[in-house]
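J.: Here you go, one structure.
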Amino acid sequence: MTQKFKPYRGASGGWGSAYSVGNILLRERTPFVGAHALLKQNRPIEGFACVSCAWAKPHPSKPLAFCENGAKATAWETTSLRCTPEFFARHRLSELRNWSDYDLEQQGRLTHPLRWDADSDRYLPVTWEEAIAEIAAELKALEHPDEAVFYASGRASLEASYLWQLLARMYGTNNLPDSSNMCHESTSVALPESIGVPVGTVTLNDFAHADGLMIFGHNTSSNSPRLLHELEAARERGAPILTFNPLRERGLERFTDPQSPTQMLTGSSIVISTHYHQVAIGGDVAAIAGICKALLALDDAAIEAGTARVLDSAFIAQHTQGFDAFEQEIRGYAWETLERRSGLTRGAMEAAATVYASRERVIAIYGMGLTQHRHGVLNVQMLVNLLLARGNIGKEGAGICPVRGHSNVQGQRTVGITEKVEMVPVDTLREQFGFEVPPKDGVSTVDACEGIIAGRIKAFVSLGGNFVRAAPDTGQLEPAWSKLRLTVQIVTKLNRSTLVHGQKAYILPCLGRTEIDTQASGEQQHTTEDSTACIRAWRGVAKPAGELLRSEPAIIAALAKALLPANPRIDWDAWVADYGLIRDAIATTYPDIFHDFNVRMLEPGGFHKPLGASQRQWETPSGKAQFIVPGTLAVNDDVEQSPERREVLNLMTIRSNDQFNTTVYGDNDRFRGIYGTRSVILLHRNDMARLSLDEGDQVQVSTAVDDGIHRSVGPLRVTPYDIPEGCCAGYYPECNALVPLWHHEEKAKVPAAKSIPVTLRRVIAVTGNGNP
Ligand SMILES: Nc1nc2c(c(=O)[nH]1)N[C@H]1C(S)=C(S)[C@@H](COP(=O)(O)OP(=O)(O)OC[C@H]3O[C@@H](n4cnc5c(=O)[nH]c(N)nc54)[C@H](O)[C@@H]3O)O[C@H]1N2
Ligand SMILES: Nc1nc2c(c(=O)[nH]1)N[C@H]1C(S)=C(S)[C@@H](COP(=O)(O)OP(=O)(O)OC[C@H]3O[C@@H](n4cnc5c(=O)[nH]c(N)nc54)[C@H](O)[C@@H]3O)O[C@H]1N2
Ligand SMILES: [Mo]
């Protein structure tokens, strides 16, 4: 496809979205069942939960309960394309390693268990029995269970996730890193300190009652498009929406609802953000501090005028701690500093405070733009501070809303996938299954990478995902990864993590969530938890992509039987035969959340996990909600940007509208007006002028840190863009090689993929009009 760069002036959603869905159905040669499956998408009990994002599904469901990207994800899974042993007979892995992510996954669904054959450098078919026995033997041969890692991407059901953590812990390790470690772990660390819960406090009901919304660092139109319906409804009620994002994301500006015949036929659209603030990358702490400072000034004025207070002083007195220190710190910041750090004017921050102060029920939504920073935890806590100042937590229509990524990533934490022992009900598990949870914390994603690079970790078993591609510092990780003794990928499609493999390597192909899962007791249901802590049952509707595919619970149980000594309290076969028994076990481990699980999962609309904060019960050490004093306004204090380092830009890695994480559906990023290529770097025109770069120049991008490692990606096309000066953007996962492993959130260890200091070097200059 030819490359094209042209601002997108349309709304998000609308016909562009309908065409895009049509295209992928054609390209994946989606059979009728696949297209038909869309009608069952997000229909609880009779249908399946979307395999794309974790946004909540309304009850009752809408006639077409899917969005553009959900439809793409379904088409991707229900494709009629197959990646069979014949494919591997034609291609050696050394060849496949040069293929793009797109081309690899475009081969379709994997159909056979496979084992890498060193002599021919190919994957050859192997029986399930052999594969499982050999993997178990390798794991048993390790000197210590901590030499193995059990990674989980966030898609597996609650049932599969529960079995996964049990398998790892009974084997002897808490090495259970997951995709959250690269994603919302900043949330999981920030919120318990602030409000005593690890997840968001709002439900769809709150969205229906909010009279104001704020959106920080979330690209809603591409990544959780169904959330646009809640935003649209809020706008129709007259609620203002304040957006803070370095980029003017199109779907946060205008949206045409594909479900609205009037909007579709008339081409009309609705304005989503009433106020759009292009904060600098990493400028959120300063921006929120500025809004809080303006809020304090409004409150001072109200006290003087004898009018209603702007701060919710009763709430602050009764429910919170630490306000005085917080207030003092905020008053102490100079506007000039806040402006420089945030990239916003004082007027903009004051205007935001005025709008915020005028609303009674406000929800704050956020995504990776807050979490993937050195101070990602502080980013989140500042947003909570802002909500607490006006009592916007624990009342209907208000609260904090981290938008989770993978469709069950929140749920897998709920049932024990975590490397942190303090999160595990050790006593209950001992009583239930008669085993001791290993006392030592396991590894996070970053720790796992360090362990692999240092040679401490010898085996890596993945329940989904594409670790090698999703993790930071690709240039360090890949060579180390191929020295692992064992790599096992339980996946649906070929990806880079299957090709850069260990000395013994297996691919175990599994059923996807859209597919009918038949076990000894009949067709099985499974459950997930969404971003609003709502737990529900689902079932697949499509015919499995191959006869040999096994479900994730069946694969995990087979591994457990081969790896672990027999345990009279666990009948793995019975669990696989009837997932209802796994749910009974989950209910025993976590009775407060999952009592009567098999019944409640079928309730219309599912059931919600109890969350103290949404009832104003604060499960923090002080028993109160905590104001957190920022202490710093810096983006990267280890790689601080000084005026002399003006050649250094701050790079964020972003997703296009045509990808799901490392799965690249195509080369177009429609809403950003970029077509036919992902090899671009988006720059402000002033930075281009200062660095003497022209549109269309090709540059090599290097990480500007001094740790003795050269990290570079390119060539990327210089593309002028509406982005704050000093900031630039490139695509994930292509730019992951630029993220130093140590450049992560300080407490949560989430790679700081949104603020990488980089320099650019021109390698090919354009001549004339913008064409190389
Ligand atoms: N179609 C599709 N859906 C997805 C995914 C996908 O890849 N494709 N991925 C899923 C997953 S796992 C996740 S975690 C979510 C990710 O969804 P998002 O949380 O939206 O993550 P990103 O796409 O990385 O976009 C981050 C946004 O933050 C902005 N941003 C970057 N830096 C800053 C900053 O310093 N401050 C502020 N205020 N904004 C900033 C960027 O401009 C961008 O709009 O989506 C999920 N859903
Ligand atoms: N630079 C940079 N790096 C990032 C990010 C960023 O914004 N910037 N984002 C981070 C985030 S938020 C996340 S969540 C991670 C994502 O990291 P991962 O979750 O590891 O990666 P995915 O790309 O989602 O995994 C895709 C693979 O999952 C497999 N798969 C798909 N469906 C199923 C299924 O039903 N079962 C099984 N077993 N396998 C399946 C397919 O084989 C597919 O190739 O990446 C992180 N890395
Ligand atoms: Mo994510």
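The values are calculated or read from the model by the stated rules, or taken from the named source; none is laboratory data. The structure displayed is predicted, hence computed values, not measured ones. Don't worry about glycine lacking a Cβ; one is built from the backbone with ideal geometry, like all the others, and counts go over all protein chains shown. All accessible areas refer to the heavy atoms of the entire protein, side chains included, with ligands and DNA or RNA removed. Shrake-Rupley method; radii C 1.70, N 1.55, O 1.52, S 1.80 Å.
J.: Among the listed pairs K440/K749; K140/K440; K4/K72; K57/K747; K561/K609; K6/K493, which have their C-alpha atoms separated by more than 29 angstrom in this model?
T.: Table pairs above 29 Å Cα-Cα are K57/K747; K561/K609; K6/K493.
J.: Evaluate the distance, in nm, between pseudo-label points positioned 7 Å from the Cα of D571 and of T518 along their respective Cα→Cβ axes.
T.: Reported label-point gap for D571 and T518 is 2.3 nm.
J.: Looking at the chain, do any whole DSSP H helices span at least 18 angstrom along their long axis by alpha carbon and average 1.6 or above on Kyte-Doolittle, and which?
T.: Values: long enough: 14-27 (20 Å, 0.36); 128-141 (20 Å, 0.21); 158-171 (20 Å, 0.35); 284-305 (31 Å, 1.26); 376-389 (20 Å, 1.74).
Span-like helices in the chain: 376-389.
J.: When the Cα centres of region 508-534 and region 406-425 are compared, how far apart do they sit, in Å?
T.: Region 508-534 and region 406-425 have Cα centres spaced 18 Å from each other.
J.: So, one more: Once fully extended, how much extra length lies between T84 and E304, figured as 0.36 nm per residue of separation less the alpha-carbon to alpha-carbon distance? Don't jump to the answer; show the numbers that get you there.
T.: Working: separation 220, 0.36 × 220 = 79.20 nm, distance 7.55 nm.
Gain in length upon complete extension: 71.7 nm.
J.: Using mean Cβ contacts within 10 Å as the protection proxy, how do 208-218, 328-338, 304-314 order, highest first? Spell out each step's value before the answer.
T.: Details: 208-218: 23.0, 328-338: 14.5, 304-314: 12.5.
Descending mean neighbour count gives 208-218, 328-338, 304-314.
J.: With labels modelled as points extended 7 Å from the Cα through the Cβ direction, what inter-label distance (nm, one decimal) is found for V421 paired with R761?
T.: Result: 4.8 nm between the two label points.
J.: Going by the alpha-carbon gyration tensor, a ≥ b ≥ c the square roots of its eigenvalues, is region 643-764 rounded (a/c under 1.5) or, if a/c is not under 1.5, prolate (a/b greater than b/c) versus oblate? Please list the in-between numbers first.
T.: Details: a/c = 1.64, a/b = 1.06, b/c = 1.55.
Here region 643-764 falls in the oblate category.
J.: If we sort 567-573, 364-370 on the protection proxy, mean other Cβ atoms within 10 Å, highest first, what's the order?
T.: Details: 567-573: 14.3, 364-370: 26.6.
Per-residue Cβ counts within 10 Å, averaged per peptide and sorted highest first, yield 364-370, 567-573.
J.: Roughly how big is region 643-764's charge dipole about its Cα centre, with Cβ charges of +1 (Lys, Arg) and -1 (Asp, Glu), in debye to the nearest 20? Intermediate values should be presented prior to the final figure.
T.: Numbers: 15 positive and 16 negative charges, 27 e Å.
Here the size comes out at about 120 debye.
J.: How high is the relative contact order of the chain, given as a whole-number percent (alpha carbon pairs under 8 Å, six or more residues apart)?
T.: The value is 21 percent.
J.: What full-extension length gain, to one decimal in nm, is calculated for E46 and A141 as 0.36 nm per residue of separation minus the Cα-Cα distance?
T.: Numbers: separation 95, 0.36 × 95 = 34.20 nm, distance 4.42 nm.
Difference between extended and current length: 29.8 nm.
J.: Related question: Nearest 20 debye, what's the magnitude of the dipole of region 185-403 about its Cα centre given +1 on Lys and Arg Cβ and -1 on Asp and Glu Cβ? Working shown, then result.
T.: Values: 17 positive and 23 negative charges, 83 e Å.
The calculated dipole for region 185-403 is roughly 400 debye.
J.: Mind ranking 426-433, 236-243, 442-449 by how tightly packed they are, going by the mean number of other C-beta atoms within 10 angstrom, highest first? Intermediate results must be reported in sequence, preceding the final value.
T.: Working: 426-433: 14.5, 236-243: 17.1, 442-449: 23.8.
Order by mean packing, descending: 442-449, 236-243, 426-433.
J.: Given a Förster distance of 25 angstrom, what is the FRET efficiency for E360 paired with A208, based on the Cβ-Cβ distance and rounded to 0.05? Can you show the working numbers first?
T.: Numbers: r = 15 Å, r/R0 = 0.58.
Between E360 and A208 the formula returns 0.95.
J.: In straight Cα distance, which lysines are under 25 Å from K293, not counting same-chain residues fewer than 8 positions off?
T.: Candidates past the 8-residue exclusion: K395, K624.
J.: Just from its helices, what would the mean residue ellipticity at 222 nm be for the chain, if runs of 4 or more DSSP H residues each count -39500 (n - 2.57) and the sum is divided by every residue, rounded to the nearest 500 deg cm²/dmol? If you can, show how the numbers build up before the last one.
T.: Details: 32 runs with 270 residues, N = 772.
After summing the helix terms and dividing by residue count, I get -9500 deg cm²/dmol.
J.: Using a probe radius of 1.4 Å on heavy atoms only, what accessible surface per residue do you get for region 185-403? Whole Å² is fine. Please report the intermediate quantities before stating the final value.
T.: Values: 6650 Å² over 219 residues.
Per residue, region 185-403 has 30 Å² of solvent-accessible surface.
J.: Given a Förster distance of 51 angstrom, what is the FRET efficiency for Q503 paired with R685, based on the Cβ-Cβ distance and rounded to 0.05?
T.: Values: r = 50 Å, r/R0 = 0.98.
With R0 = 51 Å, the Cβ-Cβ based efficiency is 0.50.
J.: Counting Lys and Arg as +1 and Asp and Glu as -1, each charge on the Cβ, what is the dipole of region 151-253 about the Cα centre in debye, to the nearest 20?
T.: Here region 151-253 has a charge dipole of around 200 debye.
J.: Once a ≥ b ≥ c are taken as the square roots of the eigenvalues of the Cα gyration tensor of region 539-587, is the result rounded (a/c under 1.5), prolate (a/b larger than b/c) or oblate (a/b not larger than b/c)? Walk me through the numbers before you get to the answer.
T.: Values: a/c = 3.34, a/b = 1.48, b/c = 2.26.
Taking the square roots of the gyration eigenvalues as a ≥ b ≥ c, region 539-587 is oblate.
J.: Applying 1/(1 + (r/R0)^6) with R0 = 25 Å to the Cβ-Cβ distance of S692 and Q3, what FRET efficiency is obtained, to the nearest 0.05?
T.: Working: r = 23 Å, r/R0 = 0.91.
E between S692 and Q3, to the nearest 0.05, is 0.65.
J.: Under the 0.36 nm per residue contour assumption, what length would be gained going from the current alpha-carbon distance of L124 and K561 to full extension? Before the final figure, lay out the partial values.
T.: Details: separation 437, 0.36 × 437 = 157.32 nm, distance 2.43 nm.
Answer, rounded to one decimal: 154.9 nm.
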